[in-house]
Amino acid sequence: MNLFITGTDTGVGKTYVTSLIVRGLRKAGLDTVAMKPICCGDREDAELLLAAAQNSLELNDVNPVWLRTPAAPYAGAMIENRNIDLDLIRDKFARLRRSHRSLLVEGVGGWLVPIRRDYLVSDLATDFGLPVAVVVRNRLGALNHALLTVRHIQSCGLQCAGIIWNDADAAGDVSATTNKSVLEDLLEVPVLFDIAKDQRDLILGIA
């Protein structure tokens with residue numbers, strides 16, 4: 001399995017989901033690794049992905065570009081007076097894609113977060129050409145964000161593999177209890193799996 005994992009926003013659980021999938025596939029015997037091409041702030045996300053793959057890579061392979069500023073990559077690069085090395089990212093991706101049967105790529109922030117002035121996360125995903133899974137956190141606004149994200153993915157000519165529903169901290173209000181069923185009715189892509197409040201192990205529906 002090869003996937004690009006994006007989210008409807010930052011902080012929706014992309015790293016948690018990516019780590020779960022990596023662990024699940026490796027437990028099933030697949031040579032699966034993950035990368036997060038760009039980290040902003042600390043590198044905790046990349047370190048979690050590295051641990052999920054049983055430290056089978058180097059941290060700089062998992063995360064080739066690290067900006068210390070906790071902001072969008074475009075903003076962080078301006079603050080640090082750096083150019084984000086897209087060729088380095090593409091090279092690391094190509095090497096991991098060739099050397100491992102299964103590769104997951106976690107995006108940074110949401111689908112349209114700017115990496116450069118004229119280059120967004122969506123452009124990076126398009127360059128990679130992988131099917132895209134969207135992590136959606138169950139909260140007010142999830143429907144709008146999910147619909148916008150999925151439809152833009154499809155407009156880029158990419159396959160949207162489906163939704164990963166994060167119900168781990170849902171508030172229990174009206175929107176939280178209806179969001180998933182409404183989204184399933186409106187979208188023509190599947191909900192791949194659901195992270196419920198009491199769920200700690202991944203039950204793969206996409207292996």
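The values are calculated or read from the model by the stated rules, or taken from the named source; none is laboratory data. Model, not experiment: these values are computed from the prediction. A quick note on method: Cβ atoms are made from the backbone with ideal geometry, for glycine too, and the neighbour counts reach across all protein chains shown.
Scanning region 11-28 turns up no residue that is modelled with pLDDT of 95 or more, among the hydrophobic types (A, V, I, L, M, F, W, C), crowded, with 16+ Cβ neighbours inside 10 Å and not in a helix (DSSP H, G or I).
For residues in region 110-133 being within 9 Å of TYR74 (Cβ to Cβ) and in contact (Cβ under 8 Å) with a residue 40 or more places away in the chain, which is surrounded by the most Cβ atoms within 10 Å (Cβ to Cβ)? Out of the qualifying residues, it is ILE115. Total residues in region 60-89 satisfying the condition of being within 18 Å of ALA46 (Cβ to Cβ), out of contact with any Phe, Trp or Tyr (no Cβ under 8 Å at 6 or more places or on another chain) and assigned to a helix (DSSP H, G or I): the figure is 8.
Whether any residue in region 104-118 is closer than 27 Å to ARG23 by Cβ and assigned to a helix (DSSP H, G or I) is what I want to check.
First, pick out the residues of region 104-118 that are closer than 27 Å to ARG23 by Cβ: 104-111, 113.
Imposing the further condition that a residue be assigned to a helix (DSSP H, G or I) reduces the set to none.
The answer is no, given that none of the residues of region 104-118 is closer than 27 Å to ARG23 by Cβ and assigned to a helix (DSSP H, G or I).
Across region 92-102, which residue is surrounded by the fewest Cβ atoms within 10 Å (Cβ to Cβ) among those that are under 19 Å from the mean Cα position of the chain (by Cα) and assigned to a helix (DSSP H, G or I)? Filtering first and then ranking leaves ALA94. Report yes if some residue within region 147-160 is touching a Leu at 6+ places or on another chain (Cβ under 6 Å) and touching a residue at least 40 places away in the same chain (Cβ under 8 Å); otherwise report no. No, region 147-160 has no match at all. In region 134-148, what residues are in a helix (DSSP H, G or I), among the hydrophobic types (A, V, I, L, M, F, W, C) and surrounded by fewer than 22 Cβ atoms within 10 Å (Cβ to Cβ)? If the condition is that a residue be in a helix (DSSP H, G or I), among the hydrophobic types (A, V, I, L, M, F, W, C) and surrounded by fewer than 22 Cβ atoms within 10 Å (Cβ to Cβ), then LEU143, LEU147, LEU148 are the ones that fit. GLY172 falls short on exactly one of the conditions (1) surrounded by fewer than 19 Cβ atoms within 10 Å (Cβ to Cβ); (2) over 24 Å from GLY24 (Cβ atoms); (3) modelled with pLDDT of 95 or more, and that condition is (3). Report, by residue number, each residue of region 29-57 that is surrounded by fewer than 22 Cβ atoms within 10 Å (Cβ to Cβ), outside any loop (DSSP other than H, G, I, E, B) and of a type in the set (Asp, Glu). Scanning region 29-57 gives GLU44, GLU47. When GLY129 is tested against (1) touching a strand residue (DSSP E or B) at 6+ places or on another chain (Cβ under 6 Å); (2) at positive phi, only condition (1) is not met.
Does ILE84 fit the bill of being touching a helix residue (DSSP H, G or I) at 6+ places or on another chain (Cβ under 6 Å) and over 25 Å from VAL136 (Cα atoms)? So ILE84 fits the description; yes. Would you confirm whether or not region 19-42 contains a residue that is free of Cβ contacts under 8 Å to residues at least 60 places away in the same chain, within 17 Å of VAL135 (Cβ to Cβ) and not aliphatic (A, V, I, L, M)? The answer is yes, given that some residue of region 19-42 is free of Cβ contacts under 8 Å to residues at least 60 places away in the same chain, within 17 Å of VAL135 (Cβ to Cβ) and not aliphatic (A, V, I, L, M).
Considering only region 160-169, I want to know if a residue exists there that is farther than 19 Å from ILE21 by Cα and either not in a loop (DSSP other than H, G, I, E, B) or not small (Gly, Ala, Ser) (or both). Can you show your working first?
If we filter region 160-169 for residues that are farther than 19 Å from ILE21 by Cα, which is where we start, we get 169.
Filter once more, keeping what is either not in a loop (DSSP other than H, G, I, E, B) or not small (Gly, Ala, Ser) (or both): 169.
Looking for residues that are farther than 19 Å from ILE21 by Cα and either not in a loop (DSSP other than H, G, I, E, B) or not small (Gly, Ala, Ser) (or both), one finds at least one in region 160-169, hence yes.
Just wondering, is there one or more residues in region 75-83 that are surrounded by fewer than 19 Cβ atoms within 10 Å (Cβ to Cβ) and under 17 Å from the mean Cα position of the chain (by Cα)? Walk me through it before giving the result.
Quick first cut of region 75-83, residues surrounded by fewer than 19 Cβ atoms within 10 Å (Cβ to Cβ) only: 75, 78-83.
Restricting the remaining residues to those that are under 17 Å from the mean Cα position of the chain (by Cα) gives none.
No, region 75-83 contains no residue that is surrounded by fewer than 19 Cβ atoms within 10 Å (Cβ to Cβ) and under 17 Å from the mean Cα position of the chain (by Cα).
Working only within region 109-124, note down all residues that are touching a Ser or Thr at 6+ places or on another chain (Cβ under 7 Å) and more than 15 Å from LEU67 (Cβ to Cβ). Across region 109-124, the qualifying residues are GLY110, TRP111, LEU112.
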